[in-house]
Amino acid sequence: MGFERREILLILGVFFLMIGLLPFIAPVYSVIVAVVTYFGIHMFVKHRKKQIQKAVGEGVCVVCGARINQNKCPNCDGVKDI
Ligand SMILES: [Zn+2]
């Protein structure tokens, strides 16, 4: 089982979207919309994960909570150097 709980929820959501679209558009189009939505969300989640990893990768300053950039806090470390 390589399936995550979130994955199942996503598939269910897309499935219900497909069902919901059936009365309005041809079944073929509702399937296409569902598949496109599924992969769209997947790509979005992947992108978000990468962004979050990048953001927390270097950590945050314990003093002010600013993002650490090149092992230095943009707020505190500049002051300390003086
Ligand atoms: Zn700081």
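Please state, to two decimals, what the Cα-based radius of gyration of the chain comes to when divided by 2.2 N^0.38 Å (N = residues).
1.83
Return the distance in nm (one decimal) between the two label points of a simple spin-label model at CYS61 and VAL45, each offset 7 Å from Cα along Cα→Cβ.
For CYS61 paired with VAL45, the spin-label model returns 3.5 nm.
Search the structure for amide H atoms under 5 Å from the amide H of VAL60, placed 1.01 Å from N in the peptide plane, and list their residues when 5 or more places away or on another chain.
Under 5 Å from the amide H of VAL60: ILE68.
Mind listing the lone cysteines of the chain, meaning no other Cys beta-carbon sits under 4.7 Å from theirs?
CYS64
Taking only Cα atoms, what is the 0 to 90° angle, nearest 10, from helix 27-57's long axis to the longest principal axis of the chain?
Computed tilt is about 10 degrees.
Bear in mind that the values in this text are calculations on the coordinates, not laboratory data. Just so you know, these numbers come straight off a predicted model, no measurement behind them. Counting neighbours? That spans all protein chains shown, and the Cβs are built from the backbone with ideal geometry, glycine included.
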